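To keep things clear, I will list the structure first and then write my remarks on it.
The values are calculated or read from the model by the stated rules, or taken from the named source; none is laboratory data. Keep in mind it's a predicted model, so treat the numbers as computed, not measured. In this analysis, Cβ positions are derived from the backbone assuming ideal geometry, glycine residues included, and neighbour counts consider all displayed protein chains.
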Amino acid sequence: MFRSRRPRYQAVVESVVRIAPRMARITLGGPGMAAFRCDEPTQWVKLFVTDPADGSSVGRAYTIRRYIPERPAVVIDIVLHGNGPAARWAEAAVPGQEVSFGGPRGSFSADARADFYLLAGDESAQPAVLTIAESLPPGVRALAYLEVEGPQAEMDVASPADLDVVWVHRAVGQPKGRALSEALRSASTPPGRGVAWAAGESISIRDIRRHLHDHLGMGRNEAYAKGYWKLDEADHRDPDASD
């Protein structure tokens, strides 16, 4: 639930594109979005859809991958993990379907004092990581660690920053998030003051959060780490991070 009421918008599915084996890019538009605005990285909406399995209505949080103000429209990337109502909806979504969403909420602002940025996420956080990478100042040093199931899930990443992207491949049968946590713990970071942003599976993010604080010496204002989801728990809420 939102802590405070957010406007609710009606939208229509304009297109559905498979951008990776387990990732669907869905564009939402229509006249019901005329008043919608989104102008910061990592902002998210709560998308309300109908589960095709039983017809129930559910709401799930998704990052806005791209906002197209001239139409207006929003682009949302949804992981097709197959075992949730919103993922089932995204798997079957077709142009013309009607949905609604509330928001936006959340934000990210670049820190002018940062010497480098350390970004990390699994597939669920990939859209947010990419919006941050695209918003960083030109020339600033940045590292992004992105966990995916294999090279077939990698994609191009554009950023005005001096960005290095490390694609972390998850081994078959390996719990999601473990490879990302291991990669972050062994990562070499540039000298100076760092700012970190990480999100993904809750248990792995807990380990990453501890590493950022205890080993990299980042304070709460320098390190954001949030569990977007947790194994075997529907619609997870991370008590250790704010929106």
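Details
- If you go through segment 144-156 and pick out every residue that is in contact with a helix residue (DSSP H, G or I) (Cβ under 9 Å, 6 or more places away or on another chain) and in a loop (DSSP other than H, G, I, E, B), you end up with 1.
- Identification of strands (runs of 3 or more DSSP E) wholly contained in segment 157-243 with 2 or more residues that are modelled with pLDDT of 95 or more yields 162-169, 194-201.
- Residue ID - farthest from residue 27 (Cα to Cα), chosen from residues in segment 46-72 that are in a strand (DSSP E or B) and among the hydrophobic types (A, V, I, L, M, F, W, C): 58
- Among the residues making up segment 1-31, those that are among the small types (Gly, Ala, Ser) and either modelled with pLDDT of 95 or more or crowded, with 18+ Cβ neighbours inside 10 Å (or both) are 11, 15, 20, 24, 29, 30.
- Single match in 143, 136 (criterion: surrounded by 14 or more Cβ atoms within 10 Å (Cβ to Cβ), under 17 Å from the mean Cα position of the chain (by Cα) and over 27 Å from residue 81 (Cβ atoms)): 136
A quick yes/no check of all residues on (1) modelled with pLDDT of 95 or more; (2) within 19 Å of residue 26 (Cβ to Cβ):
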site	(1), (2)
108	no, no
116	yes, no
129	yes, yes
133	yes, no
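- Condition broken by residue 95, with the remaining ones in (1) at pLDDT 95 or above; (2) farther than 16 Å from residue 198 by Cα; (3) buried (at least 18 other Cβ atoms within 10 Å of the Cβ) satisfied: (3)
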